[in-house]
Amino acid sequence: MRDLLKRLRILAPPLWTVQVRRMRLPDSNGDCELVKRKNGDPFFRIRISDELGPETLFYVVVHEWAHALSWGSDSHRIEAHGPEWGIAMSRIWQQLLED
């Protein structure tokens with residue numbers, strides 16, 4: 001996962017930094033949210049289930065990274081899997097395949 005995250009940070013950086021953690025997630029494989037630190041600085045928090053195998057882990061990380069890539073300060077207005085997310089997914093795949 002570290003190599004994938006390194007590549008994503010270089011090839012498809014979102015507007016703000018991304019923090020990725022593996023943990024027990026009983027109801028999902030992963031999620032992404034925009035969080036504000038105490039000082040007001042935003043960052044994306046991606047949580048990935050610690051029960052995923054390598055292949056599923058790869059796809060879930062890419063999926064959640066697309067959320068971070070497609071969101072800005074108005075992320076509440078963007079449909080979770082709408083056009084912006086689809087474009088972000090396409091951009092990530094293009095970058096990964098060309099790298």
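The numbers here are math on the coordinates, done by the rules we state, and not lab data. Model, not experiment: these values are computed from the prediction. Don't worry about glycine lacking a Cβ; one is built from the backbone with ideal geometry, like all the others, and counts go over all protein chains shown.
Using only side-chain charges placed at the Cβ, +1 for Lys and Arg and -1 for Asp and Glu, the dipole size of the chain relative to its Cα centre rounds to 500 debye. Across the chain, the longest run free of exposed loop sites, meaning GluC sites (Glu not before Pro) lying outside DSSP classes H, G, I, E and B with no more than 14 other Cβ atoms within 10 Å, spans 1-50. Near residue 16, once Lys and Arg are set to +1 and Asp and Glu to -1 for all other residues with Cβ below 11 Å from its Cβ, the sum equals +2.
FRET efficiency for residue 97 and residue 17, Cβ-Cβ distance as r, R0 = 30 Å, nearest 0.05?
0.75
P(r) tail for the chain: Cα pairs beyond 22 Å make up 26% of the total.
The slack between residue 81 and residue 39, meaning 0.36 nm per residue of separation minus the straight C-alpha distance, is 12.1 nm. Rounded to whole numbers, the Karplus 3J(HN,Hα) couplings from phi for the range 18-33 are 10, 10, 10, 9, 9, 7, 6, 10, x, 10, 7, 8, x, 7, 9, 9 Hz, using 6.51 cos²θ - 1.76 cosθ + 1.60 with θ = phi - 60°, and x at Gly and Pro. Helix content alone sets the calculated 222 nm mean residue ellipticity of the chain: runs of n ≥ 4 DSSP H residues at -39500 (n - 2.57) each, divided across all residues, give -14000 deg cm²/dmol. For residue 56, neighbours were defined as the other residues whose beta-carbon sits under 14 Å from its Cβ, and their charges (Lys and Arg +1, Asp and Glu -1) total -3.
The trypsin sites (Lys or Arg not before Pro) of the range 23-99 meeting both criteria, a DSSP state outside H, G, I, E and B (loop) and at most 14 other C-beta atoms within 10 angstrom of the site's C-beta, are 24, 37, 38.
Beta bridges from DSSP with both residues in the chain: antiparallel share about 55 percent, rounded to the nearest 5.
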